[in-house]
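The values are calculated or read from the model by the stated rules, or taken from the named source; none is laboratory data. Computed from a predicted structure; not experimentally measured. As a convention, Cβ positions derive from the backbone with ideal geometry for all residues, glycine included, and neighbour counts pool all protein chains shown.
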Amino acid sequence: MQRHRWVTALVLLCLTAVGLTGQPAGADRAGADRAGPGHAGVVDRQQAPRPAARQAGEGEDHAAGSQIALHEGVMAGVTALTTTGPTVAGMDVSSHQGDVDWDHWWAQGKRFAYVKATEGTGYRNPYYDQQFHGSHRVGMLRGAYHFALPDRSDGVTQANYFVDHGGGWTADGTTLPGALDIEYNPYGDDTCYGLAPDAMVTWIRQFTDTYRARTGRAPMIYTSTLWWDRCTGRAGDFSAGPVWVARYADSVGPLPHPWTAHAIWQHSSTPIDQNLFNGTPDDLLALARG
């Protein structure tokens with residue numbers, strides 16, 4: 001009996017030392033530490049449960065066109081762009097680019113830039129100063145854009161947040177009008193943010209009217225034709241301001257209703273978001289001067 005108890009105690013001691021999985025005590029914790037944040041031991045990161053969608057204001061940053069490319073796709077094999085007149089090459093950036101080498105992009109022929117300033121009322125681009133002022137330093141005309149979240153607050157509130165945090169306009173001949181980036185909802189499956197077309201038109205009108213009252217300029221509107229015509233129902237007329245169309249193809253394609261000409265076409269997102277202004281350098285300068 002005594003020998004039996006001694007053997008039993010020895011077995012329990014061994015099980016305690018290795019744990020129920022057969023690993024040495026502490027192996028799970030050590031594995032998790034080696035794996036780093038977001039990993040649990042040897043669980044493949046791609047197999048981990050998908051986290052719940054983050055709410056606006058928690059540090060998310062969505063670049064202009066990120067959701068358009070996701071929903072509408074990118075034409076493969078484009079080797080040449082179809083345009084109908086003179087153009088000026090430009091670009092747009094957000095915090096995803098970090099500190100931008102503006103001298104490099106000037107040497108690549110870029111002559112204007114749009115810089116993300118804000119999203120909703122809870123996000124500000126931490127690289128805004130380097131990007132907005134850096135592009136100006138090398139000689140580019142530049143403007144700022146706001147990524148709209150129409151289900152989070154009204155257009156008046158978001159327009160004021162934008163202007164208060166870098167989205168304003170001044171008649172200095174180097175600042176382009178601020179742009180309202182309104183596109184597919186990045187935080188859920190509801191493409192139009194839960195708004196019916198008449199409510200969406202009202203929201204956009206609130207934003208544009210507030211921006212005009214604050215700056216004296218109508219904002220540029222950045223969108224895709226498919227999103228715009230679906231979510232506004234082709235209602236409302238915002239053509240008093242210029243339109244910036246995203247379409248990753250060999251031509252700008254049909255325009256959002258009711259514009260008959262576009263100001264800027266975002267045609268590619270590689271190796272950086274690339275744009276063409278529809279006009280001459282003097283036309284671009286006139287847009288900046290108002």
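Quick look at the values:
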read-out: Wholly enclosed strands (runs of 3 or more DSSP E) of the range 206-275 bearing at least 2 residues closer than 21 Å to Val156 by Cβ and among the β-branched types (Val, Ile, Thr); value: 220-223
read-out: Among residues of the range 143-161, those that are touching a helix residue (DSSP H, G or I) at 6+ places or on another chain (Cβ under 7 Å) and either over 15 Å from Leu287 (Cα atoms) or surrounded by fewer than 24 Cβ atoms within 10 Å (Cβ to Cβ) (or both), counted; value: 9
read-out: Which listed residue, of Gly155, Gly173, Gly194, is closer than 17 Å to Thr121 by Cβ and modelled with pLDDT of 95 or more; value: Gly155
read-out: Test result for Lys116, modelled with pLDDT of 95 or more, under 18 Å from the mean Cα position of the chain (by Cα) and among the charged types (D, E, K, R); value: yes
read-out: Candidate set: the range 66-89, residues that are among the polar types (S, T, N, Q) and in a loop (DSSP other than H, G, I, E, B); chosen: the one surrounded by the most Cβ atoms within 10 Å (Cβ to Cβ); value: Thr83
read-out: Total residues in the range 93-135, condition assigned to a strand (DSSP E or B), in contact with a Gly (Cβ under 8 Å, 6 or more places away or on another chain) and within 17 Å of Met220 (Cβ to Cβ); value: 6
read-out: Subset tally (residues that are within 19 Å of Glu60 (Cβ to Cβ) and surrounded by 14 or more Cβ atoms within 10 Å (Cβ to Cβ)) for the range 193-209; value: 1
read-out: Any chance Thr280 is surrounded by fewer than 14 Cβ atoms within 10 Å (Cβ to Cβ) and over 20 Å from Pro177 (Cβ atoms); value: no
